[in-house]
Amino acid sequence: MLEAITDTFEVMRDAMPVLMKGLQMTVLITIISLLIALVIGLVFGLFSISKNKVLRAISTVYVNIIRGTPILVQILYIYIGIPAVTDLRFSAFAAGVIVISINAGAYLVEIFRAGINSIDKGQMEAGRTLGFSYGETMRIIILPQAIKRMLPAFVNQFIVSIKDTSLLSVIGIGELLMSGQSIYSANFKAFEILTLVGILYFIIIYTLTLFSRWLERRMDVS
Amino acid sequence: MIKIENLKKSFGKLEVLKDINVKVEPQEVVCVIGPSGSGKSTFLRCINRLEEPTGGAIFIEDTNITDPKNNINKMRQKLGMVFQQFNLFPHMTVLNNITAAPKRLKGISEEDANKIGMQLLEKVGLEDKAKVYPDNLSGGQKQRAAIARALAMEPNIMLFDEPTSALDPEMVGDVLEVMKDLAKEGMTMVIVTHEMGFAREVADRVIFMDGGYIVEEGDPEQIFDNPQHERTKAFLSKVL
């Protein structure tokens, strides 16, 4: 019995260096993608509250397509589907970043839209009355207030995107889950390795959850 | 100073302003009174195009601000506005609320802007609140800060949209005092208000609006003591 336990720990310890590499990849893809997604979310979020019908329609179509299809389909579409009919070729890493970005971006559109709409209309009016343009009022007055309110939702999207990266294992990106799979396909210790993979995801995600709650509490105070 | 010709405004099918013609002379203080729903706030908000007029023309110092060729942002710098709900920027200190626009729109240095800001705060009696955030001010203090913010752009005209309607009664006096000082200094002002005593004391001219029309206008004595129209009489008998 004791031997079995020490055995388990040994398997886990040996797997750690490879898994940590995988974890690095997971975090790297998530961070790059979220940064891109923030830009997408802001731009399309502004589209979605614009007076221009065309811009609003573009934003609605984008959000609905992304939210209405599984992310796994999106991954295969970018990595295999599009190259099948065009000359566009993406490395697995690029495809992964593209999919996580446009996927998280679509959800961030809604977060930006709700955040901006939550700011009292009088703020925009006060800014415009002083002589600021729409863009200046957005940048100087509306967004600083809105982004503060959006922070907990951002962190939640961060968490969702981290979990989504595990699906990138299907196109062979050496992220955390893929690293685990490559280890247990060699040593057949699937239980130990997957347990460890789960623990590593959990530690990161739970830390972010605590951070998000802390942010929410701080927002309440101010 | 302000010339409004055949101003019309509809929200969908609802016609809020039907045919408004007004002239405001330099240094004149005009108070607009009337029952709620009479269109007086919409009228005021059309003057700086917070509401887009659906017809007519508005001239500010001979420039037609309803003409899309004219830069509305530049024109609004000459038109200060004070809101019923103050609309201070909660993420900025009181001083930054005042200096944000002059710094960014007029390119005034931080140091000079702060100097101007402090002078304005002194003027409205809030010099000790410069570093405070708006949430920590009382309603009356907020409104005085909002007046200082509007003045920081050195407007030629000040528009007031029911500036005391959201205030506790004991706060109203301080705000009205600041407005009286402004009037004495010769500021051109258009004030939508329910404060009849203030209108009588400060206004050069009172406009009574009802149903999207100007029903009657004249100097305060005439409107308050000797109204000509039935609707003016009925309204005043309810509020005085």
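Each value in this text was obtained by applying a stated rule to the coordinates, not by laboratory testing. Computed from a predicted model, the values in this text were never measured in an experiment. Neighbour counts are summed over all protein chains in view; Cβ atoms, including those assigned to glycine, are modelled from backbone coordinates with ideal geometry.
Under the rule a/c < 1.5 gives rounded, and otherwise a/b versus b/c splits prolate from oblate, where does the protein assembly as shown land using the Cα gyration tensor?
On the way: a/c = 3.34, a/b = 2.47, b/c = 1.35.
Because a/c hits 1.5 or more and a/b exceeds b/c, the protein assembly as shown counts as prolate.
Angle of helix B:110-123 to the longest C-alpha principal axis of chain B, folded into 0 to 90 degrees and rounded to 10: 50°. The distance between label points at residue B:240 and residue B:168 comes to 3.1 nm (points 7 Å beyond Cα on the Cα→Cβ vector).
Counting other beta carbons within 10 Å of each Cβ, put B:202, A:18 in order, fewest first. Numbers along the way, then the final one.
Working: B:202 20, A:18 16.
Ranking B:202, A:18 by Cβ neighbours within 10 Å, fewest first, gives A:18, B:202.
Partner chain Cβ atoms within 10 Å, averaged over the residues of A:38-50 - can you pull that number for me? For peptide A:38-50, the averaged partner shielding equals 0.
Which FRET efficiency value, to the nearest 0.05, do you get for residue A:217 and residue A:54 by plugging their Cβ-Cβ distance into 1/(1 + (r/R0)^6) with R0 = 56 Å? It comes out at approximately 0.85. Please check which bits of the range B:55-96 a label hung off residue B:104 would reach, taking the label as a point 7 Å along Cα-to-C-beta and the cut-off as backbone N under 18 Å. What the label zone holds, given the 18 Å backbone N cut-off, is B:72-81, B:87-96. Note on chain B: helix-only mean residue ellipticity at 222 nm, from DSSP H runs of 4+ residues weighted -39500 (n - 2.57) and normalised by residue number, equals -11500 deg cm²/dmol. Here the range A:150-172 is scanned for amide nitrogen atoms under 18 Å from the site 7 Å beyond the Cα of residue A:72 along Cα-to-Cβ, giving A:161-172. With both labels modelled 7 Å from their Cα along Cα-to-Cβ, the residue A:3 to residue B:18 distance reads 10.1 nm. Near residue A:47: Cβ cut-off under 14 Å, other residues only, Lys/Arg at +1 and Asp/Glu at -1. The net charge is +3.
Only one residue of B:157, B:100, B:169 has its Cα farthest out toward the positive end of the dipole of chain B, where Lys and Arg carry +1 and Asp and Glu -1 on Cβ, and that residue is B:100. To the nearest µm²/s, what D does Stokes-Einstein give for chain B at 37 °C and 0.692 mPa s, using the Kirkwood radius over alpha carbon pairs as Rh? Value of D from the Cα-based Kirkwood radius: 178 µm²/s. Axis of helix A:92-117 versus longest Cα principal axis of chain A: the two differ by about 40°, to the nearest ten degrees. For the range A:134-150, putting each phi into the Karplus relation 6.51 cos²θ - 1.76 cosθ + 1.60 with θ = phi - 60° gives couplings of 4, x, 4, 5, 3, 5, 8, 10, 7, 4, x, 6, 5, 5, 4, 6, 7 Hz, in residue order, rounded to whole numbers and with x for Gly and Pro.
With respect to chain A, whose longest principal axis is taken over its alpha-carbon atoms, helix A:2-48 is tilted by about 20°.
Could you tell me which residue out of A:212, B:194, B:143 lies farthest along the dipole of the protein assembly as shown toward its positive end? Charges go on the beta carbon: Lys and Arg +1, Asp and Glu -1, centred on the Cα centre. Of the listed residues, the answer is A:212.
Counting, for every residue in B:99-105, the Cβ atoms of other protein chains within 10 Å of its Cβ and taking the mean gives 4.
In this structure, the residue pairs whose Cα-Cα separation is over 26 Å, taken from B:142/B:180; A:51/B:69; A:121/B:233, are A:121/B:233. Of the GluC sites (Glu not before Pro) found in the range B:147-193, those in coil by DSSP whose Cβ has at most 14 other Cβ atoms within 10 Å are B:185.
How high is the relative contact order of chain B, given as a whole-number percent (alpha carbon pairs under 8 Å, six or more residues apart)? Walk me through the numbers before you get to the answer.
Details: 439 pairs, mean separation 65.4, N = 240.
Relative contact order, chain B: 27 percent.
Residue exposure proxy: A:185, A:166, A:179, ordered by other Cβ atoms within 10 angstrom of their Cβ from fewest to most, comes out as A:185, A:166, A:179. Helical content of chain A, expressed as a calculated mean residue ellipticity at 222 nm, amounts to -27500 deg cm²/dmol (DSSP H runs of 4 or more residues, -39,500 (n - 2.57) each, divided by residue number, nearest 500). Protection proxy ranking for B:35-41, B:61-67, using the average of other Cβ atoms within 10 Å per residue and placing the highest first: B:35-41, B:61-67.
Dipole magnitude for chain B: computed about the Cα centre from +1 point charges on Lys and Arg Cβ and -1 point charges on Asp and Glu Cβ, it is near 840 debye. Applying 1/(1 + (r/R0)^6) with R0 = 25 Å to the Cβ-Cβ distance of residue A:43 and residue A:85 gives a FRET efficiency near 0.35. Under the combined filter of DSSP loop state and at most 10 neighbouring Cβ atoms within 10 Å, the range B:55-129 retains these trypsin sites (Lys or Arg not before Pro): B:69. The ranking of A:219, B:153 from fewest to most other beta carbons within 10 Å of each one's beta carbon is A:219, B:153.
Shape call for the range B:1-74 from the C-alpha gyration tensor, a ≥ b ≥ c root eigenvalues: rounded (a/c under 1.5), prolate (a/b greater than b/c) or oblate? Verdict is oblate for the range B:1-74. Remark: mean inter-chain Cβ contacts per residue of A:127-139 equal 6, using a 10 Å Cβ-Cβ cutoff to other protein chain atoms.
Shape class for chain A, computed from the alpha carbon gyration tensor (a ≥ b ≥ c): oblate, with a/c not under 1.5 and a/b at or below b/c.
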